[in-house]
Structure formats: structure tokens, C-alpha cells
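The values are calculated or read from the model by the stated rules, or taken from the named source; none is laboratory data. Nothing here was measured: the structure is a model prediction, and the numbers come from that model. No Cβ is skipped: glycine too gets one built from the backbone with ideal geometry, and neighbour counts run over all protein chains shown. Each accessible area value is taken on the protein alone, full model and side chains, heavy atoms only, with ligands, DNA and RNA left out. Shrake-Rupley method; radii C 1.70, N 1.55, O 1.52, S 1.80 Å.
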Amino acid sequence: MDPYDSDYCDDGDYCDEDEYYAFEDHDDCDRRADVALTSRNGSSCKVITKECVSTAQREDLQRVMDLLSLREHQARTLLIHHRWDVDKVFQVLVENGKDRLYTEACVMVPNDSNVSSKHRSSIVLCEICLEEVPFYKMTTMDCGHYFCNTCWTEHFVVKINEGQSRRISCMASRCSVVCDEDKIRNYVSKKDPNLAEKFERYLLESYIEDNKRVKWCPSVPHCGNAIRVEDDEYCEVECACGVQFCFSCSSEAHSPCSCQMWELWSKKCQDESETCNWITVNTKTCPKCHKPVEKNGGCNLVRCICGQPFCWLCGGATGIQHTWDSIANHTCGRFNEEQIGNIKRAKIEIVRYSHYHSRFKAHTDSLKAEIIMKEKLERKIVKMEARELEIKDYDWVRNGAKRLFRSRRILSYSYPFAFYMFSDTFLSDEMTNLERNIKQNLFEDQQQQLEGHVEKLSHFLEQEFEEFSEDKVMDSRMRIIALSKVTDALCKNLYDCIDNEILLHLRTTINIAPYRSMGADKAVELDK
């Protein structure tokens with residue numbers, strides 16, 4: 001078991017760094033609080049292995065079947081329609097009644113006596129192939145429509161091959177009632193056993209593919225696990241394989257970025273990060289259309305595709321005529337204040353992106369380096385244990401490192417959040433410039449406080465404290481514990497600022513995974 005999985009848990013009270021000497025040995029208390037928190041709240045997500053998918057699906061099916069006295073395929077149709085949300089099925093039942101619940105999901109519960117009374121003749125016309133066949137070669141679905149077995153079989157085969165296994169509806173015109181999966185299974189297995197297996201697999205996978213509370217783990221190579229959450233779907237979870245991801249969008253954990261912000265940022269980084277520096281170094285901005293222009297010759301009088309000539313040396317607009325000594329309507333050596341405004345207007349987006357991207361990348365790189373530091377910290381612990389110091393418990397080192405990793409990750413993703421949140425174009429109709437500036441200042445105050453303490457915590461963990469005297473080791477211990485507490489509190493304050501100040505009164509809903517002091521919710525295996 002990774003020793004860094006045991007986290008330092010505290011009461012969340014804010015503690016100034018200058019008061020670090022006031023901390024006593026609270027490791028045992030913190031561990032008890034950690035256990036109490038886990039037992040009180042439990043894990044809100046479960047790991048569903050391939051072996052457990054059938055069991056988990058069966059549990060939900062059985063709940064609906066018992067409540068509504070339905071057959072399995074009818075219960076499955078209801079749950080697929082409501083994305084396997086059993087509570088939603090019960091809610092619709094209470095609010096709208098059973099008839100509407102069934103109608104909206106294309107479920108029909110047949111009256112067996114009425115169905116059988118319609119078919120007294122031994123020879124019946126199939127309205128699909130227009131062949132008269134004996135009634136025992138016909139099949140009737142829940143809706144009451146009946147066709148020959150051959151037509152039904154071909155219909156099922158086509159739908160399965162088209163990927164519509166989960167909701168194969170009746171062949172009758174304007175009838176959307178879902179067919180009985182037992183009958184589908186029976187006829188398809190006779191014609192093509194491999195296709196029947198495919199049908200079974202689709203039905204099983206629908207519990208994950210159509211379930212808003214279940215997602216495949218995005219690990220590569222795939223671990224084969226799925227994760228089911230019980231509460232809010234806007235959360236960050238950790239699979240049993242160790243991969244942490246955003247449950248809502250299945251990308252890497254990116255809080256405090258919203259899923260939309262992270263998608264935009266990822267695409268922007270992919271499109272622009274490699275070319276941003278090249279554009280800055282190799283192009284100049286046209287003073288008329290403000291597009292970047294590359295010079296492909298030796299002459300410093302260049303012309304943009306919009307037709308505007310300008311000087312390559314200073315970027316100023318000129319006339320088209322020039323001699324060996326001068327360019328028309330231009331004196332390159334003279335400084336012009338208007339140039340600043342034009343250049344700023346053209347470059348502001350590139351400069352702004354470069355600002356946020358460079359800080360995002362710097363913290364991301366620091367996080368990678370600090371994660372590698374885990375092995376070094378373990379070696380430090382071994383050396384201190386060999387010295388037989390008065391201190392016997394070194395969890396404060398592991399807990400401090402874990403706090404550093406989590407806080408650094410939050411800090412890195414706070415920059416893409418700020419890039420979009422305080423942009424002139426993002427939510428431009430919901431904030432005035434004054435409101436945007438006020439919110440940006442509030443956010444950056446919190447961000448800078450967190451950044452400062454994260455760097456301090458990183459500094460103390462990187463020190464060679466295993467070589468210190470016992471008094472200095474104790475001093476380092478108290479500093480790391482104090483900084484861990486302060487950093488945790490500052491992370492929470494940053495999220496509170498986002499919830500209570502930045503996103504307050506906005507008409508657009510921006511969903512952000514909540515802050516968890518102990519990190520992403522670790523999924524536990526579902527009982528078989």
C-alpha cells in the first residue's frame with residue numbers, strides 16, 4: 001500500500017503560519033478525525049468491475065420489478081429511458097402516475113386475455129411480408145402487434161447490427177413500444193449465436209453507457225473498471241487503479257475549472273501553445289486589420305493581405321512608395337505614442353494567453369517534479385528512523401507531501417479558470433467591466449495567498465531535514481504541519497470565493513466539483 005495514501009486530515013480551521021509553534025502532536029487525533037469522517041460520510045462512489053456489472057444492474061432491475069410488478073425487459077426499458085436512475089423512475093411515478101410513466105418510456109403492459117382473443121384463426125396474414133402463415137409461427141409483442149417469426153428475426157438482426165440493441169421497437173407503423181428481449185434473444189440465437197452474444201453484451205453495457213451515475217474509468221490501458229457515484233455527478237473520483245478523473249466529463253481531474261472551461265483550455269493549448277512563441281518571434285501585427293504578418297523577403301516595407309503597407313521594424317503604417325533612404329509617410333526612428341495602443345490591441349490576447357499558460361505549465365511541471373520527490377522523502381524517513389530520534393511517527397512528512405500535491409494541482413487549474421472567467425468574451429453579457437475587475441481582484445488575492453504558501457510548503461519539504469539536529473527536525477515538523485493546515489484552509493477559501501463571490505448572481509450555471517480536503521473521492525469495490 002502506498003504510504004502517501006494515508007492523508008493528513010484536519011478540522012479545517014484557518015491557522016496563521018506565524019502560530020506554527022502552537023501546534024502540538026495531533027497526528028493521532030487527526031487520524032481519528034479522518035476515520036470518523038470516512039465512517040460518517042462513507043464513500044460516495046463504487047468501483048464496478050466487469051464481474052460486478054451484472055450484479056449491479058440486477059439490483060436496480062429488481063427494485064423496479066418489485067415495485068411495479070413488471071417483467072425484466074419492461075423494467076430495463078424504463079431504466080434506460082431514465083438513464084438507470086431508479087429514484088427518477090419513482091419520482092415520475094409519484095408525480096405523473098403509472099400510465100404516463102409507461103407511455104413516455106414506450107412500455108406497455110399487455111392484457112393477456114385481450115391479446116389471445118384476437119387470434120382465433122389458425123391462419124394469419126403477416127402485414128410485413130404479406131404471407132399467410134399459421135398462427136403458431138406468429139409472435140405478438142406487448143403492444144399487441146403480431147408478425148411472422150421470420151420477419152421479426154430479420155428485424156432484430158438489422159437493429160442489433162445497427163447498434164440499437166437496447167431499445168428495439170415494434171415493426172408496426174407508428175408503434176414505438178420496445179420489444180420483449182426474451183423473444184429477441186430466442187430468435188436471434190437460432191439464426192446467429194454470435195449476434196445473440198453481442199445483443200447480451202449490449203444489454204449489459206447499457207448499465208454503464210446509458211447510466212448518468214456510472215462512467216468507465218478513462219485509464220489507458222483500460223483497467224476494466226467503471227465508477228458509480230451515489231450523489232452529485234459533478235465530482236472528482238479515484239478509481240481502484242489509481243486514476244483520478246472528473247466524473248462529469250471523464251477527463252483528468254480539473255477542478256476548480258468547469259468542464260466547459262477545461263475543454264476550451266485543452267483545445268486552445270493544443271492549437272496555440274506550440275505556435276504562440278513562433279507567432280510572437282516571427283510575425284508583426286498589421287496596423288489595419290490586426291492580423292499577424294510574416295515577412296518573406298529582405299525589404300522592411302511589407303504589405304498585409306488586406307493591402308495595408310507597414311514598416312517591419314516598428315510595425316507602423318506607411319505609404320507604399322519608398323527609396324533607398326526613406327519610406328513614404330513614415331519616419332521609423334521617431335517614437336509614436338499611438339503605436340502602443342495599436343500594438344496592445346493586437347497582441348493583448350496572445351500576451352494574456354501566454355501569461356496564464358506559462359503559470360499553468362509552471363505549476364504543472366512543479367507538480368510532476370514534486371510527485372517524483374515521494375521516493376526521496378521516503379529515504380529521508382528511513383534515515384531519521386535509523387537515528388532513533390525522539391520523534392517516532394513521520395506521517396507529518398507524507399501528509400505534508402500529499403497536501404502539497406493536492407494544493408499544487410488546484411493552483412495549476414485555477415489559471416485556466418481565471419483565463420476564461422475574467423475574459424471580456426466569456427459571460428460578457430452577465431458582468432460589467434467593473435464587476436469583472438472586482439471579482440478578478442478578489443480571486444487573485446486568494447490565488448496569490450495560496451501560491452505563496454504552496455511554495456513555502458514545497459521549500460520545507462525539499463530541505464535536507466534528515467541531517468538536521470533533533471531540535472531542527474522538530475522545528476521542521478511543526479512548520480510543515482502548520483503550512484499543511486494553512487494551505488488546506490486557503491484551498492477551501494479559494495473555492496468559497498468562487499462559489500460565494502465569483503459565480504454569485506450569474507444567470508449561466510457553471511458547475512465546479514466541490515473542494516475535498518482529502519482529495520478525489522476514492523471508489524470502493526461494489527459488494528458482489
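State whether one or more residues within segment 435-448 are outside any helix (DSSP H, G or I) and open to solvent by 20 Å² or more (accessible area, probe 1.4 Å).
No, segment 435-448 contains no residue that is outside any helix (DSSP H, G or I) and open to solvent by 20 Å² or more (accessible area, probe 1.4 Å).
Could you list, ordered by first residue, the pairs with Cβ atoms under 7 Å in which the first is in segment 457-481 and closer than 18 Å to GLU385 by Cβ and the second is open to solvent by 10 Å² or more (accessible area, probe 1.4 Å) and among the polar types (S, T, N, Q), at least 6 apart or interchain?
Close Cβ pairs (under 7 Å, with a partner that is open to solvent by 10 Å² or more (accessible area, probe 1.4 Å) and among the polar types (S, T, N, Q)) amount to SER476/GLN463.
Give segment 81-109 a look and list any residue that's of a type in the set (A, V, I, L, M) and open to solvent by 20 Å² or more (accessible area, probe 1.4 Å), or say none.
Taking segment 81-109 first, the residues of a type in the set (A, V, I, L, M) are 86, 89, 92-94, 101, 105, 107-109.
Correct list: LEU93, VAL94, MET108, VAL109.
Looking at segment 490-509, which of the residues that are of a type in the set (A, V, I, L, M) and over 14 Å from ARG408 (Cα atoms) is most open to solvent (accessible area, probe 1.4 Å)?
Across segment 490-509, the extreme among qualifying residues is LEU504.
Quickly run through segment 182-206 and pick out the residues that are of a type in the set (Lys, Arg) and surrounded by 14 or more Cβ atoms within 10 Å (Cβ to Cβ).
LYS183, ARG185, LYS198
Within segment 136-179, which residues are closer than 18 Å to THR103 by Cβ and either open to solvent by less than 40 Å² (accessible area, probe 1.4 Å) or outside any loop (DSSP other than H, G, I, E, B) (or both)?
Answer for segment 136-179, where residues must be closer than 18 Å to THR103 by Cβ and either open to solvent by less than 40 Å² (accessible area, probe 1.4 Å) or outside any loop (DSSP other than H, G, I, E, B) (or both): MET141, ASP142, CYS143, GLY144, ARG167, SER169, CYS170, ALA172, CYS175, VAL177, VAL178, CYS179.
Any residue that is more than 26 Å from LEU68 (Cβ to Cβ), at pLDDT below 90 and not basic (Lys, Arg) - is there at least one of those in segment 105-121? Give the derivation first.
To start, the set of residues in segment 105-121 that are more than 26 Å from LEU68 (Cβ to Cβ) comprises 119-121.
If we keep only those that are at pLDDT below 90 as well, we get 119-121.
Restricting the remaining residues to those that are not basic (Lys, Arg) gives 119, 121.
Checked against the condition, which is being more than 26 Å from LEU68 (Cβ to Cβ), at pLDDT below 90 and not basic (Lys, Arg), segment 105-121 yields at least one hit.
Please pick out the residue among GLU294, GLU274, GLU238, GLU233 that is touching a Lys or Arg at 6+ places or on another chain (Cβ under 7 Å), modelled with pLDDT under 90 and of a type in the set (Asp, Glu).
GLU233
Please name all residue pairs, on different chains or six or more residues apart, with Cβ atoms under 7 Å, provided the first residue is in segment 53-72 and is under 16 Å from ASP85 (Cβ atoms) and the second residue is in a loop (DSSP other than H, G, I, E, B) and among the aliphatic types (A, V, I, L, M).
ALA56/LEU526; VAL64/LEU70
What do you reckon, is VAL237 touching a residue at least 24 places away in the same chain (Cβ under 8 Å) and more than 16 Å from the chain's Cα centre (by Cα)?
Values: touching a residue at least 24 places away in the same chain (Cβ under 8 Å): yes; more than 16 Å from the chain's Cα centre (by Cα): no.
Spelling it out, it is not the case that VAL237 is touching a residue at least 24 places away in the same chain (Cβ under 8 Å) and more than 16 Å from the chain's Cα centre (by Cα).
Looking at segment 389-396, is at least one residue in a helix (DSSP H, G or I) and either modelled with pLDDT of 90 or more or in contact with a helix residue (DSSP H, G or I) (Cβ under 9 Å, 6 or more places away or on another chain) (or both)?
yes
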